[in-house]
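Before any comments, here is the structure.
The values are calculated or read from the model by the stated rules, or taken from the named source; none is laboratory data. Treat the numbers as computed from the prediction; the structure is a model and nothing was measured. Note: ideal-geometry Cβ built from the backbone for every residue, glycine included; neighbour counts use all protein chains shown.
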Amino acid sequence: MPSFHFEERPRFAKWGLFMRNPQGLRVPIRVDRSLPTPLHDQVAHQLRQAIESGQLAAGTRMPSTRTMAEVLQVSRGVALAAYEILFAEGYVTGKHGSGTYVAPRDRAETRSTPRTSAIAPAQGPVDLTPGQLTAEAFPIAAWRAAWRRASHHAPPIDEPPSAGLPELRHAIAGLLRDTRGLVLDQHEVIVVSGYGEALRLAVPGAGERAVTIGLEDPAPAEFRNALARHATILPVPVDGAGARADLIPPGCDAVVVTPERNDPLGARMSVDRRHALSAWAADNNALVIEPAFDGVFNPNVNPRPSVLATGDPARTMMFGSFRDLLTPSLRLAFLVVPRRLAATIEARVPYAPEPPSAMCQQVVADLLRAGCATRRIDRLSTLYAQRRTLLRQSLGAYPETSLLGSDTGTSATLLLPASIPAARLSRTLRDRGVITADLADYYHHRARPKNGIILGYAHLDEMTLRRALRIITNTLDEQGLARRTAGRARTVA
């Protein structure tokens, strides 16, 4: 079986090596710690180039992660992360009990964008409905390894603790520390069975008395409906600086906000608004509930303190799931609750659907400890940034429109002039093979909705997205909208 060996060179001894392939050619692999690029991305990039150029032929056996780490003088986690990337992109494959090998060429060559896309261009109608996920950059190698490690032990004969396995709760706290800078010394993490169950438990007093919740307006209809099962929902208006704390309706027991990114307007709450929200909670003996992950997917956005970090710890709560970071099929979510409420909420957990299995919780804890979630955030951020650029280039050229939320997230909203009703434009686009969402569907029934359409792009490859944008721009041209020759799109509500 063809393989290669390492050959160190003095001039690269500090940060690199040569790999000699079966044909005797030297393949340089180097890591430079002075660069901002993560080491695992450097290694994956160079191995990817070597495979694409033919320097590493199909069937060539790759070195073990332990050997790679020893020669490069990096941690084994760096080598493993590099292999995870190549596994997910189809450049390498594994053989049970034998090792890792360069995958057959057709697996890599059939991709439209080998470095970023693991899906084929879509045919037929293009569905731009927001909320659809992508399987790209999924850590398949780590996923398999985590399930394999979990299966090495006999399953427990007892039900998992009602609040979740301690190792998973600690791993979630570590993830929030690494991604949000949160130190949960006055809160508890509670693991629950799915997003809907997290929302039920987050509503204070749900099932025991009438509860009123203030919710950002606009907001996704499915999110509003999920909360409406447990409480009366009242709208809290949103502008370019986020939710208006001064317009929270009286009598609310809690308010649910998305400080980092309103869906669908993309507005980010200002620091002053966050403090005003905390003050409202203190004055009204109420709770502020926010998501743990707002789906920003943009590392260039300057961090702002979460409401949980700025407000009274006794009046702040978070909810989250691994739907976007891993997969919704886990049916696993969590709450971060004030310590004073932890026992009360935990007592309500047994009256829920079946909790996540102990094995599922062990696997997720393993993946979080290995850094898979944070690495996938980084990879998806790179992918989505390219698609946002396409959106801005195509739809930012019309002075009579405004493109909102195109700097973060996985969707953008195109506000239209009154002369082009969103419902009419959506029907026209649907007839031409592009399905969009109407912004009016995101507003509370008492509100006056803005006129616009929403475009989700997380699940699309670049070629399909280009095709959809071409249809949209051609349709806008036919509607008589003039294009600007210079300038930039407006990006605030």
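For the reader, a short list of remarks on this structure follows.
- Tally, over the stretch 72-99, of residues that are of a type in the set (Val, Ile, Thr), in a helix (DSSP H, G or I) and modelled with pLDDT of 80 or more: 1
- Restricted to the stretch 31-84, and to residues there that are among the charged types (D, E, K, R) and within 15 Å of Val102 (Cβ to Cβ), the residue that is surrounded by the most Cβ atoms within 10 Å (Cβ to Cβ) is Arg48.
- Scanning the stretch 399-427 for residues that are farther than 18 Å from Asp477 by Cβ and among the acidic types (Asp, Glu) returns a single hit, Asp407.
- Residue count for the stretch 387-398, restricted to those that are in a loop (DSSP other than H, G, I, E, B) and over 18 Å from Asn474 (Cβ atoms): 0.
- A search for C-beta distances below 7 Å between a residue of the stretch 48-64 that is in the same structural domain as Glu84 (by TED's automatic domain parsing) and any residue that is of a type in the set (Phe, Trp, Tyr) and part of a loop (DSSP other than H, G, I, E, B), counting only pairs 6+ apart in sequence or on different chains, returns Arg48/Tyr91; Ile51/Tyr91; Thr60/Phe4.
- Residue within the stretch 258-268 that is surrounded by fewer than 21 Cβ atoms within 10 Å (Cβ to Cβ), out of contact with any Pro (no Cβ under 6 Å at 6 or more places or on another chain) and of a type in the set (Lys, Arg) present: no
Every residue, every condition in (1) β-branched (Val, Ile, Thr); (2) crowded, with 18+ Cβ neighbours inside 10 Å; (3) modelled with pLDDT under 95, yes or no:
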position	(1), (2), (3)
Pro356	no, yes, yes
Met359	no, no, yes
Asp366	no, yes, yes
Cys372	no, yes, yes
Arg375	no, yes, yes
Arg379	no, yes, yes
Gln386	no, no, yes
Gln393	no, no, yes
Thr401	yes, yes, no
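- Within the stretch 434-442, not a single residue is without any contact (Cβ under 8 Å) to a residue 12 or more places away in the chain and part of a helix (DSSP H, G or I).
- Residues in the stretch 299-324 that are within 20 Å of Ala135 (Cα to Cα) and either of a type in the set (Phe, Trp, Tyr) or in contact with a Lys or Arg (Cβ under 8 Å, 6 or more places away or on another chain) (or both): Phe322 only.
- Residue tally, condition in a loop (DSSP other than H, G, I, E, B), without any contact (Cβ under 8 Å) to a residue 40 or more places away in the chain and surrounded by fewer than 16 Cβ atoms within 10 Å (Cβ to Cβ), over the stretch 447-477: 1
- Taken over the stretch 274-285, residues that are buried (at least 21 other Cβ atoms within 10 Å of the Cβ) and either among the aromatic types (Phe, Trp, Tyr) or within 21 Å of Thr212 (Cβ to Cβ) (or both) amount to 2.
- Leu182 closer than 30 Å to Thr100 by Cβ and surrounded by 19 or more Cβ atoms within 10 Å (Cβ to Cβ): no
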